[in-house]
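The values are calculated or read from the model by the stated rules, or taken from the named source; none is laboratory data. This is a predicted model, so every value here is computed, not measured. Using ideal geometry, Cβ is built from the backbone for each residue, glycine included, and neighbour counts are taken over all protein chains shown.
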Amino acid sequence: MTEPMIAFHEGARLFHLSAPGLSYVIGIDEDNRLVELYWGPPLSETNDGLDLSYLMRLYPEGASFEMKPIRRPYLVPSIGYGWYGSPAVQAVNDQGDNMTDLRYVSHEILHHKPALEGLPSTHVSDTGASSEVPTLVLHLEDALTHLQAALFFSLIGTGEHFALARHMELTNEGSAPLTLTHMASAQSAVPAGQRPDQALQVLHLKGAWARERQIVRTAAGEAAYRIESQKGASSHYENPFLALVRKSTTEDTGDVYAMNFVYSGSFEALCETPDAAFTFLQMGLNSAVHQWRLEPSGTFVTPEVVQVYSSHGLNGMSHIYHDLYRHCLGNSLFQHRARPLLLNSWEGLGITINEQDTLQLARQAKELGVDMLVLDDGWFANRNDDKRSLGDWYPSPEKFPHGLKWLAEKVREEGLLFGLWMEPEMISPDSDLYRSHPDWCLHVDGRERSLARTQLILDLSRREVQDYLIQTIENVLNSAPISYLKWDYNRNMTEPFSSALPPERKMESQHRYMLGLYRVLGEVTAAFPQVLFESCSGGGGRFDAGMLSYMCQTWTSDDTDAYERLKIQYGTSLVYPASCMVAHISDVPNSQTGRRTPLKTRAYAAMGGCFGLEIDPGHASDSEKEEIRKYVEEARSLQKIAQEGELDRLISPFGDSNMAAWQFSLENEVLVYAFRRLSLPNTMPVRLCLTNLPEQTQYEDEEGHRYSGGQLMHAGLVLRFDGQDFDAVRIHLKKV
Ligand code: GLA
């Protein structure tokens, strides 16, 4: 196996970043601007090194009225000197113009990956990442304003799979303040293909509440493509992920060029084709809502983009992201531990839950075989409906007269761990907190404070609000034996400004909010390493690598309908591993779709993530309870394979597909889940081919049939579905 490394070829004026599966080449052009020359499969160097300067000829001077070499794939383009695409970096200076011309000055090659001040980022951990992370730092400067940029490129991975982690640090070395209006974290170019099957397509994860991360794949190049969130959260609507694939790319074959943002707030990602020769991807903070005033000597750090190339299709891309996010993101002790199987009170009992209900639920949960009871919304202050009390984090004296400690201990006496829900970033106008601090929410003086779910958002850009929150959450966690905290965030930002910031800094409010949130999350999770934290945002409205840096699992969606979940989980799995996708069995008819799906199907869908229950056992018959108990035990015995194994998607539920299927492989075991949407009359059994197995290895299924890996991949398994809609099949193979 080759080691990741970074070489500078002085004569050819280029940097070659290479790792297993990847080469990335940056050139310095005749004007000292940086040009991305190559991003793709590994390039072998010649005895003379690597000279790609001839590729500059791809990007000529242009026609006579195009004065400059405008059509080059610059690394940090800006407008004003001949580039007419979207700028990656732009600063308004004291002369009033926004020309920003960053040119190469020097570079450093480091052996480690520096942390990003105040922001989450990928890092080396002791669970498999290579300890050396070669990092290239390119130093650029605008000669007139003295804005300096340091561009960071780290080759980070786990031995087999490597990604390029990028960010930028902008420092004002001039004597006048600058206003940053564009500060993308990364821009990269993908060369056009000459054959029709090599045509580029853009792929992203679009959605809405209860319909998160649906895969969209469409032609690139005809017009600019922009996905974004301005909502103050990475959002249900677009995940901060954008990829370019070829028309011929499949789950297992072909090129994929992808970017994913390690950030939980408003972002933008672009795909533009300024010239037939290449299409570029750009990702960073959303320039519509983020600006930053940079005083002399001040530095601004952009969040990190994790950039991945795969020549093995979308599954190949997912393997790289999954490996990286399981081993090099966050520090949770639970990352590689068996997660407790839990029953959550929300869908079954709702907000009116009280002490007696909770204790009864604990007894029922124990009978079903789970490890933990989670008390969701409804336990605090006057929370009898969803219109009040956010901010008043003490147990409701009416509903929970004996308090949290008593309750948690009672639950533990039943043999279960106790978990709790909070929505710490929010404040209800009807709360003691709001009555004492009406200025602690995001708002604009003189304008209406728009409510959503009758709540406002605390102004986490303010240090005193951060301190208050840290103290409040710590008080709750110290008040009782609490083993798990579900951290919810149930509305998008409006009037997204801090009243504590001066006018010239108002546009910094959203990013300062995120920095404040990350500080709070960092402190609270570090103070309670033994507590399992789960992120949630009206389901999966903040399913991003930023939140996963602090909490190793996220509630995937408020839609628990098994059929809808197949799409949501399939789309989510493009980037995020099953170990962070929380998936529960809920009652039927489903509360979001009204659909009835078999218990088996709900169970198998939930086994594709962190398994749990979201049911009211009081409504279940004895035989249903027996069946649930069986699935809880099954989930427990198979949990490790889904959490630690490699996921390969086999059949997509999108489009007109009548099926979905995926496979997990871990050391000696392979676990296959297949789902069929509608039952058809008089049909043949289905043949399902697996993937990514060693050809010669022998496997045996639970009925004693033996197969070679090659046989499973090329001849396939035969699946028999029942004669009912929404049926599911599980096959567990073990190496012989
Ligand atoms: C959000 C979450 C749900 C539940 C409710 C409680 O919608 O996604 O799981 O916790 O809030 O209000």
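Has segment 446-464 got any residue that is without any contact (Cβ under 8 Å) to a residue 24 or more places away in the chain, within 20 Å of ASP377 (Cβ to Cβ) and either within 16 Å of the ligand (Cβ to nearest atom) or touching a Lys or Arg at 6+ places or on another chain (Cβ under 8 Å) (or both)?
Yes: one or more hits.
Could you list, in sequence order, all residues of segment 106-130 that are over 29 Å from the mean Cα position of the chain (by Cα) and without any contact (Cβ under 8 Å) to a residue 40 or more places away in the chain?
SER106, GLU108
Listed here are the residues, each with its yes/no results for (1) farther than 26 Å from LEU515 by Cα; (2) out of contact with any strand residue (DSSP E or B) (no Cβ under 7 Å at 6 or more places or on another chain); (3) hydroxyl-bearing (Ser, Thr, Tyr).
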| position | (1), (2), (3) |
| --- | --- |
| LEU102 | yes, no, no |
| GLU108 | yes, no, no |
| PRO120 | no, no, no |
| SER125 | no, yes, yes |
| SER131 | yes, yes, yes |
| THR145 | yes, no, yes |
| GLN148 | no, no, no |
| ILE156 | no, no, no |
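Need a quick list: strands (runs of 3 or more DSSP E) entirely within segment 172-225 having at least 3 residues that are over 15 Å from PHE241 (Cβ atoms).
178-191
Would it be correct to say that ALA620 is hydrophobic (A, V, I, L, M, F, W, C), buried (at least 23 other Cβ atoms within 10 Å of the Cβ) and either more than 14 Å from the ligand (Cβ to nearest atom) or within 30 Å of TYR309 (Cβ to Cβ) (or both)?
Here the answer is no, as ALA620 does not meet what is asked.
Here are some conditions: (1) at pLDDT 95 or above; (2) of a type in the set (S, T, N, Q); (3) out of contact with any helix residue (DSSP H, G or I) (no Cβ under 7 Å at 6 or more places or on another chain). THR691 meets all but one. Which one does it not meet?
(3)
Being assigned to a helix (DSSP H, G or I), under 21 Å from ASN260 (Cα atoms) and within 16 Å of the ligand (Cβ to nearest atom) is the requirement here; does MET551 meet it?
no
Where the second residue is of a type in the set (Asp, Glu) and the first is more than 16 Å from the ligand (Cβ to nearest atom) and lies in segment 527-542, which pairs have Cβ atoms under 9 Å and are six or more apart or on separate chains?
Hits for this filter: ALA527/GLU474; PHE528/GLU474.
With respect to GLU523, is the statement that it is within 24 Å of ILE651 (Cα to Cα), more than 14 Å from the ligand (Cβ to nearest atom), in contact (Cβ under 8 Å) with a residue 40 or more places away in the chain and in a helix (DSSP H, G or I) true?
no
Name every residue in segment 495-543 that is within 18 Å of the chain's Cα centre (by Cα) and charged (D, E, K, R), in order of residue number.
GLU534, ARG542 - these are the residues of segment 495-543 that are within 18 Å of the chain's Cα centre (by Cα) and charged (D, E, K, R).
How many residues does segment 472-504 contain that are over 28 Å from GLY419 (Cα atoms) and surrounded by fewer than 16 Cβ atoms within 10 Å (Cβ to Cβ)?
Residues meeting the conditions: 3.
Enumerate the pairs (first residue in segment 567-579 and part of a helix (DSSP H, G or I); second residue anywhere and of a type in the set (Asp, Glu)) with beta-carbon separation below 8 Å, excluding pairs fewer than 6 apart on the same chain, so at least 6 apart or on different chains.
ILE568/GLU212; ILE568/ASP559; GLY571/GLU212; THR572/GLU212; SER579/GLU644
Which numbered condition in (1) of a type in the set (D, E, K, R); (2) part of a loop (DSSP other than H, G, I, E, B); (3) within 22 Å of SER185 (Cα to Cα); (4) at pLDDT 95 or above is the only one that GLU108 fails?
Condition (2) is where GLU108 drops out.
Being assigned to a loop (DSSP other than H, G, I, E, B) and more than 16 Å from the ligand (Cβ to nearest atom) is the filter; apply it to segment 370-398 and report the residue that is nearest to GLU347 (Cα to Cα).
Filtering first and then ranking leaves VAL370.
Taking segment 326-363 as the search range and keeping residues that are of a type in the set (A, V, I, L, M) and more than 16 Å from the ligand (Cβ to nearest atom), which one is farthest from SER579 (Cα to Cα)?
So, considering only residues that are of a type in the set (A, V, I, L, M) and more than 16 Å from the ligand (Cβ to nearest atom), the one farthest from SER579 (Cα to Cα) is LEU359.
Kindly establish whether PRO401 is outside any helix (DSSP H, G or I) and either over 20 Å from GLN530 (Cβ atoms) or out of contact with any Ser or Thr (no Cβ under 8 Å at 6 or more places or on another chain) (or both).
Against the criterion (outside any helix (DSSP H, G or I) and either over 20 Å from GLN530 (Cβ atoms) or out of contact with any Ser or Thr (no Cβ under 8 Å at 6 or more places or on another chain) (or both)), PRO401 qualifies.
Output the residues belonging to segment 623-634 that are within 14 Å of ARG339 (Cα to Cα) and loosely packed, with under 14 Cβ neighbours inside 10 Å.
Across segment 623-634, the qualifying residue is only GLU633.
Condition test on GLU495, is it within 16 Å of the ligand (Cβ to nearest atom) and in contact (Cβ under 8 Å) with a residue 12 or more places away in the chain?
When the stated conditions are applied, GLU495 does not pass them.
Any residue in segment 138-154 that is buried (at least 23 other Cβ atoms within 10 Å of the Cβ), assigned to a strand (DSSP E or B) and of a type in the set (S, T, N, Q)?
Scanning segment 138-154 turns up at least one residue that is buried (at least 23 other Cβ atoms within 10 Å of the Cβ), assigned to a strand (DSSP E or B) and of a type in the set (S, T, N, Q).
Quick test of your reading of the structure: SER431 fulfils all but one of (1) within 16 Å of the ligand (Cβ to nearest atom); (2) farther than 16 Å from THR454 by Cβ; (3) small (Gly, Ala, Ser). Name the failing condition by number.
Every listed condition holds for SER431 apart from (2).
Look at SER637 and say whether it is surrounded by fewer than 16 Cβ atoms within 10 Å (Cβ to Cβ), under 25 Å from LEU688 (Cα atoms) and either free of Cβ contacts under 8 Å to residues at least 12 places away in the same chain or away from the ligand (no atom under 16 Å from the Cβ) (or both).
yes
Going through segment 462-471 one residue at a time, which ones are of a type outside the set (Phe, Trp, Tyr) and either assigned to a helix (DSSP H, G or I) or crowded, with 24+ Cβ neighbours inside 10 Å (or both)?
ARG463, GLU464, VAL465, GLN466, ASP467, LEU469, ILE470, GLN471
Would you tally the residues in segment 5-22 being within 29 Å of the chain's Cα centre (by Cα), crowded, with 19+ Cβ neighbours inside 10 Å and not aliphatic (A, V, I, L, M)?
Matching residues across segment 5-22 total 3.
Quick one: what pairs do we get from segment 347-359, first residue polar (S, T, N, Q), second surrounded by 16 or more Cβ atoms within 10 Å (Cβ to Cβ), C-beta under 6 Å, 6+ apart or different chains?
ASN354/LYS399; THR358/LEU375
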